[in-house]
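In what follows, a structure is listed as structure tokens, so that the remarks can point back to it.
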Amino acid sequence: MTTATRSRTMLTLAEVCAELAVSRSTFYDWRAKRRAPRCIKLPNGDLRIRRSDLEHWLDDREDAA
């Protein structure tokens, strides 16, 4: 997988928050409560979320509603 392809499948925290229409603090609150989608923590401390993990997480929320 090339870096360009990988970057399209990995979302930044800002992109995820914008897509979900939630604040960064809300996302961190969900993460602390283990209710957020799976995250990858990079060596510099930044978070990335796989598009597939976000989609799976959203599907699980839909079933719960």
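The values are calculated or read from the model by the stated rules, or taken from the named source; none is laboratory data. The structure displayed is predicted, hence computed values, not measured ones. Cβ sites come from the backbone with ideal geometry, for glycine too, and all protein chains shown count toward neighbours. With ligands, DNA and RNA removed, areas are computed over all heavy atoms of the protein, side chains included. Shrake-Rupley method; radii C 1.70, N 1.55, O 1.52, S 1.80 Å.
May I ask you to say which residue of Leu13, Leu20, Leu54 is modelled with pLDDT of 95 or more, open to solvent by less than 50 Å² (accessible area, probe 1.4 Å) and in contact with a Cys (Cβ under 9 Å, 6 or more places away or on another chain)?
On inspection, the qualifying residue turns out to be Leu13.
List, please: which pairs have Cβ atoms under 6 Å, are six or more places apart or on different chains, and start with a residue in the range 30-53 that is over 21 Å from Arg8 (Cβ atoms) and end with one that is among the small types (Gly, Ala, Ser)?
Trp30/Ala36
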